[in-house]
Amino acid sequence: MSELAAQLADLQSRFAAAVAGAGDERALDAVRVDFLGRSGAVTLLRRGIGQLPAEERPTAGKEINDVVERLEAQLQDAQGALESRAFDADLSRTIDVTFPAPDAAVGTIHPIRRIIEDVCSYFERMGFAVVLGPEVEPDQYNFDALNIPADHPAREGFDSFWITDTLLLRPHTSPMQIRTMEQHAPPIAVVAPGRCYRRDAVDARHLFQFNQIEGLLVAEGIHFGHLKGALTGMCRELFGDDQQVRFRPSFFPFTEPSAEVDTTCPKCRGLGDACNMCGGSGWIELGGAGMVHPNVLRNVGYDPDVVSGWAFGFGIERLGLTRYEIDDIRRFVESDPDFLMQLH
């Protein structure tokens, strides 16, 4: 018998004895680590190939691998036997059929769905209609009609999910603004909730698939004060009666003037004080808003000298972070029942 064959025979004998003595899954896993782990007996054998007689070395690796396959098969058989014994033990237990059963788990509305319903309900009470649209849109509705130029970064492949040269998964629900204005003469008052898609890296503040709600009001005499009043009321509806809203100057191709919208942090109530939710600023960013750009109105056949309008777009998950004081947006899509029940 060759030197390697003797070592392998001894290894298999010791392995079989160890498996036979493993009375539960933890002990069986310890056997696996001792023999097949990174520093186990098999690894030591492989490291010793260079010390074998020259005639044994060319086939040593294959012989060791063949034995490893047999050892892994024995582990699987032993694992199956342990599971079978555990199952038989469960079946043999006496069940008291007169003992009260646990309460049935009752499903609840997902927190993201609840926010969508609450925002829509707020605007419906002010006379807004809720409109829904397709998640696959042509670039005409996604970009051209919204005054987004051909060289804008959002049109590039690394920002949007393109299906064809002209069709893409919508990166915002703004196309519903265009579709609604094309179909109806002013006055227009709508909110458009729905799923959106962007090539964002997933982290605590971003998802590549998320929910957004868009708002649009177009009529004669509409001004920025109307927008401020509507969004302040929405924030108080969602977060509490003492919420304040501020508008920071920004730029969006489809609104002018444009603003980023912040609300007072619901955790520290705007005080800051080293708050870990708002970073001590006292404010939480919600999204973008502004007065509808005259070019957008012209693109749908409206006269910007007669009518004006405002629009906003907020991420629903971003509203959820603020409403429920959560620090990671991924919690909403992990389907953890314990977490979701806390928000019921």
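We did not get these values from a lab; they are worked out from the coordinates using the rules stated. Given the structure is predicted, the values throughout are model-derived calculations rather than measurements. Using ideal geometry, Cβ is built from the backbone for each residue, glycine included, and neighbour counts are taken over all protein chains shown.
Give me the mean projected area, in nm² to one decimal, of the convex hull enclosing the Cα positions of region 111-342.
Averaging across all directions leaves 12.7 nm² for the Cα convex hull.
Please determine, in degrees from 0 to 90 and to the nearest 10, the orientation of helix 3-20 with respect to the longest principal axis defined by the Cα atoms of the chain, where the helix direction is its Cα long axis.
Between the helix axis and the principal axis of the chain, the angle is about 70 degrees.
Show me the ranking of peptides 305-311, 210-216 by mean Cβ neighbours inside 10 Å, starting with the highest.
For the peptides 305-311, 210-216, the packing ranking is 210-216, 305-311.
Relative contact order, percent, of the chain when contacts are C-alpha pairs under 8 Å separated by at least 6 residues?
14 percent
Hey, with R₀ at 45 Å, roughly what FRET efficiency would R269 and V306 work out to, going by the Cβ-Cβ distance, to 0.05?
Plugging the Cβ-Cβ distance into 1/(1 + (r/R0)^6) gives 0.60.
Rounded to the nearest 500, what is the chain's calculated 222 nm mean residue ellipticity when only DSSP H runs of at least 4 contribute -39500 (n - 2.57) each, over all residues?
It lands at -12500 deg cm²/dmol.
Calculate the FRET efficiency for N276 and H110 from the Cβ-Cβ distance with a Förster distance of 35 Å, rounded to the nearest 0.05.
Between N276 and H110 the formula returns 0.85.
For the chain, take the longest principal axis of its alpha carbons; what is the angle in degrees between that and the long axis of helix 111-124, to the nearest 10 within 0 to 90?
The angle comes out near 10 degrees.
Taking Cα pairs under 8 Å and at least six residues apart, what relative contact order does region 215-306 come out at, in percent?
22 percent
Please compute the Kirkwood hydrodynamic radius of region 208-290 from all pairs of different C-alpha atoms, in Å with one decimal.
13.9 Å
Sequence gap at least 6, Cα distance under 8 Å: using those rules, report the relative contact order of region 3-92 to the nearest whole percent.
33 percent
Go through the cysteines of the chain and tell me which have no other cysteine Cβ under 4.7 Å away.
By the Cβ distance rule, which asks for a partner under 4.7 Å, the isolated cysteines are C120, C196, C235.
Tell me, in nm to one decimal, what length is gained between E220 and V136 on full extension, where the rule is 0.36 nm per residue of separation less the Cα-Cα distance?
Contour length minus the Cα-Cα distance gives 27.0 nm.
Using only Cα atoms and rounding to the nearest 10 degrees, what angle (0 to 90) does helix 57-92 make with the longest principal axis of the chain?
With rounding to tens, the tilt is 70 degrees.
Which shape class, rounded, prolate or oblate, goes with region 1-158 when its Cα gyration tensor gives a ≥ b ≥ c as root eigenvalues, a/c under 1.5 marks rounded, and past that a/b bigger than b/c marks prolate?
It comes out oblate by the Cα gyration axes.
With labels modelled as points extended 7 Å from the Cα through the Cβ direction, what inter-label distance (nm, one decimal) is found for E334 paired with T232?
Label-label distance for E334 and T232, simple model: 3.8 nm.
What's the exposure ranking of F99, F314, going from fewest to most Cβ atoms within 10 Å?
F99, F314
In angstroms, what radius of gyration and Dmax does region 3-92 have, counting Cα atoms only?
Calculated on Cα positions, Rg and Dmax stand at 15.5, 58 Å.
Using Cβ counts within 10 Å as a stand-in for footprinting exposure, how do L321, L44 rank, fewest first?
Fewest-to-most Cβ neighbours within 10 Å comes out as L44, L321.
How much length is gained if the chain between L91 and V202 is pulled fully straight, taking 0.36 nm per residue apart and subtracting their Cα-Cα distance, in nm to one decimal?
Here the segment from L91 to V202 would lengthen by 35.5 nm.
Pull up the DSSP beta bridges for the chain and report the antiparallel fraction as a percent, rounded to 5.
If we restrict to bridges inside the chain, about 95 percent are antiparallel.
Go ahead and run the numbers for FRET between Y324 and D10, Cβ-Cβ distance against an R0 of 45 Å, rounding to 0.05.
0.15
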